[in-house]
1. Of the residues Glu242, Glu272, only one is closer than 19 Å to Phe313 by Cα and not basic (Lys, Arg); which?
2. Condition first: over 21 Å from Leu47 (Cβ atoms), of a type outside the set (D, E, K, R) and touching a residue at least 40 places away in the same chain (Cβ under 8 Å). Now tell me which residues in segment 112-133 satisfy that.
3. Which members of segment 241-290 meet the condition of being open to solvent by 60 Å² or more (accessible area, probe 1.4 Å) and at positive phi?
4. Any idea which of (1) free of Cβ contacts under 8 Å to residues at least 24 places away in the same chain; (2) open to solvent by less than 30 Å² (accessible area, probe 1.4 Å) is the one Ser136 doesn't satisfy?
5. Please go through segment 55-100 and give me each residue that is modelled with pLDDT under 95 and assigned to a loop (DSSP other than H, G, I, E, B), ordered by number.
6. Please determine, by comparing only the residues of segment 203-230 that are of a type in the set (A, V, I, L, M, F, W, C) and surrounded by fewer than 20 Cβ atoms within 10 Å (Cβ to Cβ), which one is nearest to His247 (Cα to Cα).
7. Looking at segment 279-337 only, could you name the residues that are in contact with an Asp or Glu (Cβ under 8 Å, 6 or more places away or on another chain), of a type in the set (Phe, Trp, Tyr) and farther than 17 Å from Glu269 by Cβ?
8. Scan segment 1-47 residue by residue and report those that are touching a residue at least 40 places away in the same chain (Cβ under 8 Å), of a type in the set (A, V, I, L, M, F, W, C) and under 25 Å from Pro92 (Cα atoms).
Amino acid sequence: MMPNYKNIHNRFKINGFHLDKEALFQLAYSYIKEGVQFEKEFGEFLLDWIDNKDTIELMTSGTTGIPKLITLQKQAMVNSAIATADFFNLRPGDKVLHCLPTRYIAGKMMFVRSIIVGLEMDLIAPTSHLDDLLPSKKYDFVALVPIQAQAGLDKLNQFKKIIIGGAKLTDTLAHQLKSCNAEIYETYGMTETITHIAAKRIGTEYFETLPNVSISKDDRSCLVIHAPNIVASTIVTNDLVEICSEHKFKWLGRFDNVINSGGIKYFPEQIEAKLALKINQRFFIAGLPDDNLGQKIALFIEGEEFPLEANIFNELEKFERPKEIHFILHFIETNNKLKRFEMVENQINSL
């Protein structure tokens with residue numbers, strides 16, 4: 001029988017203590033009144049979770065369109081938590097670290113998984129370097145964003161299983177993560193799907209969907225998600241994919257990033273992957289207007305201008321090679337996501 005959102009598993013703990021509903025109320029009020037910012041946010045979500053409503057409201061990330069306020073069913077969040085536990089073999093009593101902002105869906109779901117599955121959860125500040133992680137602590141499971149994985153590389157062996165989401169994992173970081181002893185997975189999902197609906201082991205090509213999730217693609221070759229236990233309607237994304245089966249897919253890039261140059265479509269993300277180990281600074285590939293080609297491939301690099309090695313583009317096909325290179329002192333970003341279109345538009349306006 002599927003657990004109800006009102007359930008509190010008898011193995012669930014926060015920072016070493018098992019708490020019933022009344023104790024959770026007290027903890028929430030204590031965090032809101034006396035805690036630092038991340039504790040206040042956690043306390044506010046705690047109150048939302050244990051109130052009498054069966055829904056939660058939050059803002060989407062904008063993955064499938066303009067960010068908007070949506071309402072999620074608490075029971076759907078429970079269903080998502082169970083699916084994650086089944087996929088990653090999480091069991092009651094497993095020790096997990098919560099180090100994500102609770103105002104976002106990924107942080108909310110770390111708590112939901114813990115209270116429903118019966119995990120022993122430690123809560124620390126959501127910093128990029130995992131500053132409050134004690135060197136002596138070992139955990140069975142943790143969810144991170146890429147910047148935390150990058151900055152905390154020396155701490156990742158304290159975890160048995162790691163999931164990384166919230167932004168696309170770069171090939172450079174994926175290469176660095178191969179030296180870790182932990183099982184590390186890149187996840188795919190969004191707020192509308194109540195965090196991830198698929199995951200793939202670092203170093204593999206295909207994402208595999210969680211239980212009770214299937215996929216297809218539309219006439220643009222973009223991913224369509226069917227997850228009836230989580231969301232009633234299908235979700236149409238802007239992610240171009242290659243589908244292996246109704247449960248496995250390869251992510252190719254964003255539909256809105258595709259460059260049409262001379263009638264041929266190029267995926268910036270695939271070109272970026274070939275350059276990932278050649279350029280140390282942050283960079284991205286985008287299309288700029290061109291009178292003859294329609295669009296031309298351009299490389300944007302963060303930082304002061306510097307000379308590039310002559311062989312930097314050797315792995316690229318002839319027509320994948322950038323026609324222009326632009327240096328931008330500081331990339332524009334929001335919530336760790338690069339604002340490509342704004343930066344490209346700024347460049348067009350400066351031409």
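1. Of Glu242, Glu272, the one residue that is closer than 19 Å to Phe313 by Cα and not basic (Lys, Arg) is Glu272.
2. Answer for segment 112-133, where residues must be over 21 Å from Leu47 (Cβ atoms), of a type outside the set (D, E, K, R) and touching a residue at least 40 places away in the same chain (Cβ under 8 Å): Val117, Gly118.
3. Gly263
4. Of the numbered conditions (1) free of Cβ contacts under 8 Å to residues at least 24 places away in the same chain; (2) open to solvent by less than 30 Å² (accessible area, probe 1.4 Å), the odd one out for Ser136 is (2).
5. Passing the criteria: Thr60, Ser61, Gly62, Thr63, Thr64, Gly65, Ile66, Pro67, Lys68.
6. For segment 203-230, the residue satisfying everything is Val224.
7. Within segment 279-337, Phe327 is the sole residue that qualifies.
8. Met2, Ile8, Phe12, Ile14, Phe42, Phe45, Leu46
The values are calculated or read from the model by the stated rules, or taken from the named source; none is laboratory data. For clarity, every value in this text was computed on a predicted model and none was experimentally measured. Note: ideal-geometry Cβ built from the backbone for every residue, glycine included; neighbour counts use all protein chains shown. The area values use the complete protein model at the heavy-atom level, side chains included, leaving out ligands, DNA and RNA. Shrake-Rupley method; radii C 1.70, N 1.55, O 1.52, S 1.80 Å.
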